[in-house]
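The values are calculated or read from the model by the stated rules, or taken from the named source; none is laboratory data. In this text, all values refer to a predicted model and were calculated from it rather than measured experimentally. For neighbour counting, all protein chains shown are included, and Cβ atoms are generated from backbone atoms with ideal geometry for every residue, glycine included.
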Amino acid sequence: MTFERLEKNISDNIYEAQLKLGYDNRPMSLNYTNATLCHLIGKDYTTDEMAEILEKFAEEMTKKLGKIAFHSIKDGFCITIPAEGTAYVHTQSREHEFMAKLVETVRCHADTEKVLAVFKEASENTSITELNNEEFRYLIYFPDKKPDEYYYCVSEEEEIDGSIHASYHRFIREDYEELGF
């Protein structure tokens, strides 16, 4: 069992939130389903077993992220990273240019082509699949996992002025596959 992927996912989620909302030196809580935690850890555990695993994770991460707290929620856990942990992520994540550019592009109410361009600029090895289902128009990911391992689902909304605004949802591969889009 390794905690590397869970640690990275927590850090990536904190960093994304800081890009969207701004950094404010506060604790941050993230909700995870038990299934997602199992995917990130690489082994299936019951909810009770996962509580024990999260105790070990919290203990292992104390030097980097501070005293992590967690509590059970429906079908999963709420993990709270203290202010010292969010500060650590803030100082360590500044070089993630792709995510910063994606968030800024979406924040500016960009159309789908501008959002797709951010992915294409990040890597020549970008997989873009048109889904056109009820939820999303595109699935985008990087097969070589550079700059990251996530699956992005891009949706489009029509604005009041008739323009199209693109947004995204980010998933780990296993969660995306289980959702069955």
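Couple of notes before you dig in:
- Qualifying position, being among the acidic types (D, E), outside any loop (DSSP other than H, G, I, E, B) and at negative phi, among E84, E134, E124: E84
- Residues that are loosely packed, with under 12 Cβ neighbours inside 10 Å and either outside any loop (DSSP other than H, G, I, E, B) or of a type in the set (F, W, Y) (or both) within segment 106-119 comprise R107, E113, listed in sequence order.
- Total residues in segment 1-35, condition β-branched (V, I, T) and crowded, with 17+ Cβ neighbours inside 10 Å: 2
- Scanning segment 87-105 for residues that are closer than 22 Å to H169 by Cβ and surrounded by 15 or more Cβ atoms within 10 Å (Cβ to Cβ) yields V89, S93, H96, F98, M99, A100, K101, L102, V103, T105.
- Residue in segment 130-144 that is buried (at least 16 other Cβ atoms within 10 Å of the Cβ) and touching a residue at least 40 places away in the same chain (Cβ under 8 Å) present: yes
- Close pairs from segment 28-48: first in the same structural domain as D75 (by TED's automatic domain parsing), partner hydroxyl-bearing (S, T, Y) and assigned to a loop (DSSP other than H, G, I, E, B), Cβ under 9 Å, at least 6 apart: N34/Y45; N34/T46; L37/Y45; C38/Y45; I41/T2; G42/T2
- Restricting attention to segment 4-43 and to residues that are more than 14 Å from the chain's Cα centre (by Cα) and of a type in the set (D, E), the residue that is nearest to F77 (Cα to Cα) turns out to be E4.
- Complete set of residues in segment 49-84 that are touching a Gly at 6+ places or on another chain (Cβ under 9 Å) and in contact (Cβ under 8 Å) with a residue 60 or more places away in the chain: I81
- Taken over segment 154-169, the criterion of being exposed (fewer than 15 other Cβ atoms within 10 Å of the Cβ) and either in contact (Cβ under 8 Å) with a residue 60 or more places away in the chain or in the same structural domain as K20 (by TED's automatic domain parsing) (or both) is satisfied by no residue.
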